[in-house]
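S.K.: After the structure tokens below, expect a handful of questions from me.
The values are calculated or read from the model by the stated rules, or taken from the named source; none is laboratory data. Predicted model, so just to flag it, every value in this text is computed and none were measured. Positions of Cβ are generated from backbone atoms using ideal geometry, with glycine treated the same way; all protein chains shown enter the neighbour counts.
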Amino acid sequence: MLVANLQTQGRFKVEVDFEIENAITAIFGPSGSGKSTLLRAIAGLEPAKGLLRFNDATWLDSEYKLRVDPTLRPIGYVRQNVQLWPHLSVRGNLEFPLKHAKRSGNDIEFDQVVQDFELAYLLERRPHEVSGGESQRIALARALLAQPQLLLLDEPLTGLDLVRKAEILPYLEALNSHYKLPTLYVSHAIDEVLALCSATIVLGNGRVRASGATAEIIERQDISRLLADEESISLVRATILEHQKDYDLTTMQVEDSVWSVPMHVALNPGEQTMLRIRARDVALAKRRPEEISVRNVLEGEIKNLLPAENGPSADCILQNGATRLRARITRASLDQLDLKVGDRVFALIKSVTLD
């Protein structure tokens, strides 16, 4: 468990008081809310006062003038812009932390990490010879090989398109499912947080605005207002079925539905990918529509309704299996359709983005 009661001492003030369990927890909020500053403070790279404890170890206690040096905190840290050492091969980048790491009880082994992150074919290459997605995998693997007890990820998917994000997400999920590493994941992207994080801490202007289960936090009206400038989207996992070359369409399995997505390049059957769907591109119907041009339909149960306090719109949160989908309709439509939590409806997806 991480216990943090911190006040940073730099030009931008962050003041937080929270506890997190050993899972992947999002540090979420709009740009400029203090997310990266908080991560640096936990790592010991940002001046701060207060109390910081991880499990049985105290890293900061201002009352007793205790401060553990950053190099002695068992932390793996991956920053926004991945920086691999250019003079070393991929193997050299991965082996370097092993030479200096102290065993943390996790005993994360080189061969296992190389296998789990599918890096064997890259080991003798130089950093300039690998792609952006491969660089991210190498950086994550390097952080693991430092034998950390806590992992800090500062927007590790920044700059990657959706295809590359879909490649990296399973490796991020493995941090908790396979390696059992508690992780703080900084992001301002709702899709990443929903896909990865079981718990979320929301920051606004350097203060904690909310904390709790991710699905509940993201759907709160006060949090929606805080994130008003962010695009309201859903990230949906799909499995490739086949490519229809004549139509430039790829059919995909999404829960119990088959969708058709315009694509010029064929992906391999069985491959998983991520679809980005804007809430404003989802319409709702109480009965399954027939003879319409919209090809992608998903039946789901309404889990939450979020009408705007001042404005014409309302967000409806639907669920089918593991997929949660957000639809933005007018408050007038909400009333006319008499929609309620628990109703089953059909979501009509008018547009899907796959970069």
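S.K.: Please enumerate the residues belonging to segment 282-326 that are at pLDDT below 95 and acidic (D, E).
M.R.: E290, E291, E309, D315
S.K.: W85 - would you say it is surrounded by fewer than 16 Cβ atoms within 10 Å (Cβ to Cβ), among the aromatic types (F, W, Y) and in the same structural domain as H178 (by the TED database)? Outline the logic, then answer.
M.R.: On the way: surrounded by fewer than 16 Cβ atoms within 10 Å (Cβ to Cβ): yes; among the aromatic types (F, W, Y): yes; in the same structural domain as H178 (by the TED database): yes.
Judged against the criteria, W85 is a match.
S.K.: Moving on to the next point. Which residue is nearest to the chain's Cα centre (by Cα), if the candidates are limited to segment 2-20 and must be of a type in the set (A, V, I, L, M) and over 21 Å from V193 (Cβ atoms)?
M.R.: We begin by selecting, within segment 2-20, every residue of a type in the set (A, V, I, L, M); these are 2-4, 6, 14, 16, 20.
Filter once more, so that each one left must be over 21 Å from V193 (Cβ atoms): 3, 6.
Details: V3: 22, L6: 24 Å.
The extreme case among them is V3.
S.K.: Moving on. Can you tell me which residue is surrounded by the most Cβ atoms within 10 Å (Cβ to Cβ) among those in segment 35-71 that are touching a residue at least 60 places away in the same chain (Cβ under 8 Å) and outside any loop (DSSP other than H, G, I, E, B)? Full working, then the answer.
M.R.: The initial filter retains those residues of segment 35-71 that are touching a residue at least 60 places away in the same chain (Cβ under 8 Å), namely 35-39, 42-43, 54-55.
So of that shortlist, the ones also outside any loop (DSSP other than H, G, I, E, B) come out as 35-39, 42-43, 54.
Working: K35: 26, S36: 20, T37: 22, L38: 29, L39: 23, I42: 26, A43: 19, F54: 20.
The residue in question is L38.
S.K.: Further question: Just the residues that are touching a residue at least 40 places away in the same chain (Cβ under 8 Å), over 9 Å from G50 (Cβ atoms) and either of a type in the set (D, E) or exposed (fewer than 14 other Cβ atoms within 10 Å of the Cβ) (or both), please, taken from segment 1-19.
M.R.: Passing the criteria: M1, Q9, F12, K13.
S.K.: Sticking with this structure for a sec: Take S131 and tell me if it is in contact with a Leu (Cβ under 9 Å, 6 or more places away or on another chain), over 23 Å from S198 (Cβ atoms) and not assigned by the TED database to the domain that holds H264. Walk me through how you get there before you give the answer.
M.R.: Numbers: in contact with a Leu (Cβ under 9 Å, 6 or more places away or on another chain): no; over 23 Å from S198 (Cβ atoms): yes; not assigned by the TED database to the domain that holds H264: yes.
It is false that S131 is in contact with a Leu (Cβ under 9 Å, 6 or more places away or on another chain), over 23 Å from S198 (Cβ atoms) and not assigned by the TED database to the domain that holds H264.
S.K.: Okay, moving on. List the strands (runs of 3 or more DSSP E) that sit entirely inside segment 181-223 and contain at least 3 residues that are out of contact with any Gly (no Cβ under 8 Å at 6 or more places or on another chain). Steps first, answer last, please.
M.R.: Working: elements: 183-187, 199-204, 207-213.
Passing ranges, in order: 183-187, 207-213.
S.K.: Same structure again: Hey, can you tell me all the residues within segment 72-81 that are closer than 14 Å to A143 by Cβ and either surrounded by 15 or more Cβ atoms within 10 Å (Cβ to Cβ) or free of Cβ contacts under 8 Å to residues at least 12 places away in the same chain (or both)?
M.R.: Step one: list which residues in segment 72-81 are closer than 14 Å to A143 by Cβ, which gives 73-80.
Result: R73, P74, I75, G76, Y77, V78, R79.
S.K.: With respect to D248, determine if the residue is surrounded by fewer than 18 Cβ atoms within 10 Å (Cβ to Cβ) and within 22 Å of A322 (Cβ to Cβ). Walk me through how you get there before you give the answer.
M.R.: On the way: surrounded by fewer than 18 Cβ atoms within 10 Å (Cβ to Cβ): yes; within 22 Å of A322 (Cβ to Cβ): no.
No: the conditions fail for D248.
S.K.: Which pairs do you get when a residue that is part of a loop (DSSP other than H, G, I, E, B), found in segment 115-127, comes within reach of a residue that is surrounded by fewer than 12 Cβ atoms within 10 Å (Cβ to Cβ), reach meaning Cβ atoms under 9 angstrom, with the pair 6+ apart or on two chains?
M.R.: Matching pairs, first to second residue: R126/P86; R126/H87.
S.K.: Pick from segment 21-34 the residues that are of a type in the set (A, V, I, L, M) and assigned to a strand (DSSP E or B): which of them is nearest to S198 (Cα to Cα)?
M.R.: Ranking the candidates gives I24 first.
Residues checked against (1) of a type in the set (G, A, S); (2) in contact with a helix residue (DSSP H, G or I) (Cβ under 9 Å, 6 or more places away or on another chain); (3) buried (at least 18 other Cβ atoms within 10 Å of the Cβ):
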{"position": "I317", "(1), (2), (3)": "no, yes, yes"}
{"position": "A327", "(1), (2), (3)": "yes, yes, yes"}
{"position": "L334", "(1), (2), (3)": "no, no, yes"}
{"position": "G342", "(1), (2), (3)": "yes, no, no"}
{"position": "V345", "(1), (2), (3)": "no, yes, yes"}
{"position": "I349", "(1), (2), (3)": "no, yes, yes"}
{"position": "T353", "(1), (2), (3)": "no, yes, no"}
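S.K.: Quick check on this structure: which one of D191, D154, D161 is touching an Asp or Glu at 6+ places or on another chain (Cβ under 6 Å) and in contact (Cβ under 8 Å) with a residue 24 or more places away in the chain?
M.R.: Details: D191 fails: touching an Asp or Glu at 6+ places or on another chain (Cβ under 6 Å); D154 fails: touching an Asp or Glu at 6+ places or on another chain (Cβ under 6 Å).
The match here is D161.
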